[in-house]
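The structure appears right after this line, and notes come after that.
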Amino acid sequence: MSEAIDTLRVVSPVPGTAMGLESVPDPTFSAGMVGPGVAIHPEPGQEGGQDRKQEAVSPITGMLVKLHPHAFVVMASDGSRGVLVHLGIDTVQLAGEGFDLMATQGERVEAGVPVIRWSPGAVAAAGKPSVVPVVALEASADALTEEAHGAVVRGDPLFVWE
C-alpha cells in the first residue's frame, strides 16, 4: 500500500518573468543547493520608476517560520514542506534598507497575503540583482511539476510540489 502524497501549489509572490533557477546570478540558488524552484525577474523601473514599492506575498498557506527584511520562509500547514522567497541577491547587505515587513514571524499566512513591501528598482540601483528565487526547500530535483515560464503576475501558479 502506498500513501497518497499531497501536492502543494505554489504561487508567484511577485510579478515579473518566471525562469529556471539556473538564471540566478548566485551559485547557491542556480546550482539548486537549497532546493529546486523558479526565479522571477521583476521589471524594476516599471510603473513609477526606481523607487516604486510592491508587495511580495506568501506563495503558500502556512506558518511564517523565518522572516528577514529581504527573505522569508513559509512552512506548509502540514509542517512537511517549506518555501523560501528571497527578494534579490546579496540583499542581506542592504541591512533592511528599502524593505518593510508587513507580517510577523510565527504568524499563519494565507497564500497571496502580503509579507514584505520592497522596491526591485531600489535593489537594482544599489547594485544588487533584483531577481527573486522561490525555492522548494530540501526537495528533490524531480519533485516540481508545472513550472511557470514567462510573464507572471502576483498570485499566478508558479509550480506544483509533488
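Here, each number is a calculation from the coordinates, and none is a lab measurement. Predicted model, so just to flag it, every value in this text is computed and none were measured. Heads up, the Cβs are rebuilt from the backbone with ideal geometry, glycines too, and the neighbour counts pull from every protein chain shown.
Give the whole-number value, in cubic angstrom per residue, of the convex hull volume spanned by the C-alpha atoms of the chain. Intermediate values should be presented prior to the final figure.
Details: hull volume 16.0 nm³, N = 162.
In the chain, the Cα convex hull volume per residue is 99 Å³.
How high is the FRET efficiency from residue 100 to residue 162, r the C-beta distance, R0 41 Å, rounded to 0.05?
That gives a FRET efficiency of 0.75.
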| request: Of the options 24, 57, 122, report the single residue whose Cα projects farthest towards the positive end of the charge dipole of the chain (beta-carbon charges: Lys, Arg +1; Asp, Glu -1). | output: 122
| Order of 53, 128 - criterion: other Cβ atoms within 10 Å of each residue's Cβ, fewest first | 53, 128
| message | I need the Debye-formula profile for segment 90-159: one equal scatterer per C-alpha, no solvent, reported as log10 I(q)/I(0) at q = 0.17, 0.19 1/Å, two decimals. | response | -0.91, -1.09
| note | Expressed as a whole-number percentage, the relative contact order of the chain with C-alpha contacts under 8 angstrom and at least six residues apart is 36 percent
| Comparing 26, 100, 142, which has the greatest mean-square fluctuation in the GNM of the chain with Cα pairs linked when under 10 Å apart? | 142
| message | In whole Å, what are the extents of segment 6-85 along the principal axes defined by its C-alpha atoms, from largest to smallest? | response | 40, 26, 23
| said: Give me the dipole magnitude in Debye, nearest 20, for the chain about the Cα centre, with unit charges on the beta carbon: positive for Lys and Arg, negative for Asp and Glu. | reply: 400 debye
